[in-house]
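One structure is given here, and the rest of the page talks about it.
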Amino acid sequence: MATLLEREFIFVTGKGGVGKTTVAGALGLAAAAQGRRTVVCEVGDQHRLSRVFGVSPPSPDREAQLAPGLWTTSIEPDAVLRHWLEVQLHSRALVALLSRTPVFVYFIAAVPGAREVVTLAQAWNLAQPERWGDKQAGYDTVIVDAPASGHALGMLRTPRTFGDIARVGTIRRQADRVRALVTDPERAAYVTVALPEEMPVTETLELETQLEEEVGMGPAAIVANGLLSQRFSAAELEQLGETTPNGGPPELEAALDAARLQGNRARAQQGQLRRLRRGARAPVLTLPQLLDGELDPDGLEQLARELERKL
Ligand SMILES: Nc1ncnc2c1ncn2[C@@H]1O[C@H](COP(=O)(O)OP(=O)(O)O)[C@@H](O)[C@H]1O
Ligand SMILES: [Mg+2]
């Protein structure tokens, strides 16, 4: 079985704000460090990673290079759908004309999953030796920074639903190819990202089951992100809880409060991490909470090294 970083297609899923883009970027650096030409696709025009690396954002037909061996691109589903139709119909003018007709609007808006199929097809296309509409070489690894988990599951479910509706033609072939890829454990893998907190852990355990049921494979790894360091032992925390400064400076009270808060949060995280590990079938890896503030390339490198050690 191919190891995670050897898969062609890595799908990073999880609730918004848990660190999906961060983990996708760190996985990208780790794959690139193994000599794989890697691209991280953000779905929706976010351009987060190009901002973190301080490079110009990608354009629809050109990925932005972030580091040696690592590129990023954004997939904007409506734009991809339009481009895809242009390629299929061999005519930009025709698509522009069709865009003004109700049939086109119907096609885009009413056929469930059209956006999702073309989004996945676009990601799939990035890995092809010869890509649609251009002659650039394909990537070895495509990492998709998927939308929030509900939507991502819809996206993975879609090739089946959509393929069932579109029984013939190029769309059907596209949907079939995408489905073959996203359900092939040799080529595709899912990584779910969670914060070690009560609700996110519950949702991550549910997502694991949903992935198994709907895609036929669970996550290859679950990343528990943002782990606080455990600065105090249980005995020290207890001691901290009992300490009251007698007439000391106010700074002492503030420092004690901060220490208790950090200590209690770290302890609560460890409890949720144990719950996640007990309930999950996939291996659970942890990433530390780096110092506050916006993540920079050095921080991402640090997280990439952690992932490499733990994968
Ligand atoms: N391990 C970490 N250490 C420090 N900051 C982090 C870490 N993971 C994520 N962040 C920060 O948390 C915020 C949300 O992360 P992001 O990757 O954008 O989440 P998502 O893509 O899931 O919405 C960002 O500001 C990011 O820089
Ligand atoms: Mg994100």
Can you tell me which residue among ALA33, ALA24 is among the aliphatic types (A, V, I, L, M), under 27 Å from GLY218 (Cβ atoms) and surrounded by 20 or more Cβ atoms within 10 Å (Cβ to Cβ)?
ALA24
Scanning the stretch 285-302 residue by residue, the ones that are modelled with pLDDT of 85 or more, near ligand 1 (Cβ under 9 Å from one of its atoms) and farther than 20 Å from GLN65 by Cα total 4
Filtered residues of the stretch 16-40 (kept if over 18 Å from LEU295 (Cβ atoms) and either within 13 Å of ligand 1 (Cβ to nearest atom) or charged (D, E, K, R) (or both))
ARG36, ARG37
I'd like to know if the stretch 61-80 contains one or more residues that are at pLDDT 85 or above, at positive phi and surrounded by fewer than 19 Cβ atoms within 10 Å (Cβ to Cβ).
no
Within the stretch 279-295, take every residue that is more than 20 Å from VAL191 (Cβ to Cβ) and away from ligand 2 (no atom under 16 Å from the Cβ) and give me the one that is surrounded by the fewest Cβ atoms within 10 Å (Cβ to Cβ).
ASP292
Only residues in the stretch 173-196 that are over 14 Å from LEU120 (Cα atoms) count as the first member; pair them with residues that are among the hydroxyl-bearing types (Ser, Thr, Tyr) and buried (at least 16 other Cβ atoms within 10 Å of the Cβ), Cβ under 6 angstrom, at least 6 apart or cross-chain, and list the lot.
THR192/THR13; THR192/THR204; ALA194/THR204
All-but-one check, PRO249 against (1) surrounded by 12 or more Cβ atoms within 10 Å (Cβ to Cβ); (2) away from ligand 1 (no atom under 15 Å from the Cβ), failing number (1)
Taking the stretch 222-266 on its own, how many of its residues are in a strand (DSSP E or B), out of contact with any helix residue (DSSP H, G or I) (no Cβ under 6 Å at 6 or more places or on another chain) and among the small types (Gly, Ala, Ser)?
1
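The values are calculated or read from the model by the stated rules, or taken from the named source; none is laboratory data. Keep in mind the model is a prediction, meaning the values are calculated, not measured. All Cβ positions, even for glycine, are placed from backbone atoms using ideal geometry, and neighbour counts span all protein chains on display.
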